[in-house]
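Peer 1: Next up is a structure, given as structure tokens.
The values are calculated or read from the model by the stated rules, or taken from the named source; none is laboratory data. Source: prediction; values computed, not measured. A quick note on method: Cβ atoms are made from the backbone with ideal geometry, for glycine too, and the neighbour counts reach across all protein chains shown. All accessible areas refer to the heavy atoms of the entire protein, side chains included, with ligands and DNA or RNA removed. Shrake-Rupley method; radii C 1.70, N 1.55, O 1.52, S 1.80 Å.
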Amino acid sequence: MPLWDVSHFAQVFYGIPFKQGDRILTGVHEYAANYIAFLQVARRTGVRIEVIPEDADNDVDIAALEDSIVRGDRKPALLAFTHIPTNSGRVYSAEAIGAVAKCHGIPFLLDACQSIGQMPLDVQKIGCDWLSGTSRKYLRGPRGVGFLYASDEAVRRFEPGTLDMYGAKWTAESEYVMLPDAKRYEQYEKCFAAVVGLGAAVQYANELGLDWIWDRVQSLAATLRAQLSEVPGVQVHDKGKVLCGIVSFTKDGIAPGQIKAALLERGINVNTSLKSSTRMDFMKNGLPDEGVVRASVHYYNTEEEISAVVQAVLSIF
Ligand SMILES: Cc1ncc(COP(=O)(O)O)c(C=O)c1O
């Protein structure tokens with residue numbers, strides 16, 4: 001179901017009827033847009049945000065999650081987790097979170113914006129109630145469009161944050177009826193060209209095969225991490241049992257922005273991830289205040305390109 005950009009996460013989140021004292025459990029690497037929404041609702045209604053720590057492998061600590069659920073003074077109103085953060089290659093165990101959510105009957109919202117398109121995702125196996133994704137990252141689709149999965153139960157139990165004449169029909173002067181399925185989360189107006197582009201991107205990824213894409217992305221990223229680690233002064237920051245195509249690193253004495261600019265001069269596109277996007281992760285995992293460089297490899301990259309990136313990082317300053 002297509003929606004604008006990140007708004008589908010908010011469409012779900014703002015539709016949950018939180019009350020004072022309700023608990024939202026989330027992760028260390030939660031994305032700023034999501035966390036700001038939690039904070040806004042916390043200010044308005046007095047919900048409590050609880051950040052579940054990570055285990056020794058930088059995965060969400062499932063025992064701590066269980067513990068927080070059973071020890072809390074009330075059942076959490078929501079588990080909201082980001083699958084892969086914007087700033088690091090780690091992949092949280094979404095299926096393990098889903099199993100806990102199911103066991104305790106707690107709604108589970110998964111932000112899969114960074115995972116969709118680089119790895120196979122099965123909402124049934126994950127056991128989430130909602131999964132939000134974007135077009136513009138590993139799916140390689142146009143900007144400004146994304147999609148949402150909502151389970152039948154989630155559709156039955158919750159309303160979207162905003163409704164318009166697409167998601168609901170005005171049936172009498174003071175009545176409306178929502179569409180019976182997840183289409184109720186959609187809005188009337190959308191960028192149709194972007195929606196078509198997203199459809200083409202999904203088809204393209206499926207034709208290549210998500211299993212093949214995932215193997216290739218992981219293998220190229222592992223090569224890049226291994227080679228970058230050999231460069232004097234470089235620290236690779238990705239830690240985790242399962243690592244994805246996002247490779248994050250810094251080089252001593254050179255700001256991430258300078259590295260990005262220097263690589264761009266050599267025809268290499270990387271980005272930087274700043275503390276303001278994943279504040280908790282930077283604070284709790286001791287990441288450098290000035291941010292990290294984020295090099296995202298995809299299946300179309302070659303081993304020669306990986307070597308070129310490493311040579312370029314070696315030669316900077
Ligand atoms: C974890 C996560 N969620 C959501 C988004 C937002 O994506 P978009 O603006 O394309 O919806 C990002 C972007 O970096 C992200 O990293």
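Peer 1: In what sequence, highest mean first, do 231-244, 28-41 appear when ranked by Cβ atoms within 10 angstrom?
Peer 2: The peptides rank, most packed first, as 28-41, 231-244.
Peer 1: What do the square roots of 5 times the Cα gyration tensor eigenvalues come to for the stretch 205-258, in whole Å, largest first, as semi-axes of the equivalent ellipsoid?
Peer 2: Computed over the stretch 205-258, the values are 27, 11, 9 Å.
Peer 1: Helix-only mean residue ellipticity at 222 nm, the chain, DSSP H runs n ≥ 4 weighted -39,500 (n - 2.57), per residue, nearest 500. What is it?
Peer 2: Helices in the chain give a 222 nm mean residue ellipticity of -11000 deg cm²/dmol.
Peer 1: Averaging over all projection directions, find the projected area of the Cα convex hull of the chain and quote it in nm² with one decimal place.
Peer 2: Mean orientational projected area (the chain, Cα hull): 17.2 nm².
Peer 1: Just the number please: accessible area per residue for the chain, 1.4 Å probe, all protein chains included, in Å².
Peer 2: Dividing the accessible area of the chain by its residue count gives 46 Å².
Peer 1: Dividing the alpha-carbon Rg of the stretch 114-258 by 2.2 N^0.38 Å yields what?
Peer 2: In units of the globular-protein estimate, the stretch 114-258 measures up at 1.40.
Peer 1: Whenever you get a sec, compute what percent of the accessible area on the stretch 224-317 sits on carbon and sulfur atoms (1.4 Å probe).
Peer 2: 51
Peer 1: Next question. In nm, give the distance between the simple-model label positions of residue 268 and residue 33, each being 7 Å from the Cα along the Cα-to-Cβ direction.
Peer 2: With each label point 7 Å from Cα toward Cβ, the separation is 2.9 nm.
Peer 1: How far, in nm, would the chain grow between residue 122 and residue 230 when pulled straight, counting 0.36 nm per residue and subtracting the alpha carbon separation?
Peer 2: That works out to 35.3 nm of additional length.
Peer 1: Let me ask something additional. Please report Rg over Rh for the stretch 210-311, where both radii come from the alpha carbon positions and Rh follows the Kirkwood definition.
Peer 2: Using only Cα positions, Rg/Rh for the stretch 210-311 is 0.95.
Peer 1: Taking R0 as 30 Å, what FRET efficiency do you get between residue 57 and residue 102 from their Cβ-Cβ distance, rounded to the nearest 0.05?
Peer 2: Given R0 = 30 Å and the Cβ-Cβ separation, E is 0.85.
Peer 1: Right, here's the next one. Which is farthest toward the positive dipole end of the stretch 187-285 among 256, 268, 245, measuring Cα position about the Cα centre, with Cβ charges +1 (Lys, Arg) and -1 (Asp, Glu)?
Peer 2: 256
Peer 1: Here is a further query. Extending each Cα 7 Å along its Cβ direction at residue 308 and residue 252, get the distance between those two points in nm, one decimal.
Peer 2: Computed distance between label sites residue 308 and residue 252 equals 2.9 nm.
Peer 1: When the accessible area of the stretch 32-155 is computed with all protein chains present and a 1.4 Å probe, what percentage of it is carbon and sulfur?
Peer 2: That fraction is 50 percent.
Peer 1: When only C-alpha pairs under 8 Å and at least 6 residues apart count, what is the relative contact order of the stretch 2-206, in percent?
Peer 2: Taking the mean separation of contacting Cα pairs over the length of the stretch 2-206, I get 22 percent.
Peer 1: Something else now. Determine which residues of the stretch 43-64 fall in the zone a paramagnetic label at residue 71 would reach in this model, i.e. backbone nitrogen under 20 Å from the point 7 Å along Cα→Cβ.
Peer 2: 48-64
Peer 1: Still on this structure, I have one more. Show me 132-143, 63-74, 16-27 ranked by packing, highest mean number of other Cβ atoms within 10 Å first.
Peer 2: Descending mean neighbour count gives 132-143, 16-27, 63-74.
Peer 1: Quick one: if you stick a label point 7 Å off each Cα along the C-beta vector at residue 208 and residue 50, how many nm between them?
Peer 2: Result for the modelled spin labels: 4.1 nm.
Peer 1: Hey, another quick one. Beyond a 30 Å Cα-Cα separation, which of these cross-linked pairs lie in this structure: 19/102; 190/239; 137/251; 19/183; 183/275; 125/169?
Peer 2: As for pairs spanning more than 30 Å Cα to Cα, those are 190/239; 183/275; 125/169.
Peer 1: Report the FRET efficiency, 1/(1 + (r/R0)^6), for residue 219 and residue 20, where r is their Cβ-Cβ distance and R0 is 41 Å, rounded to 0.05.
Peer 2: 0.25
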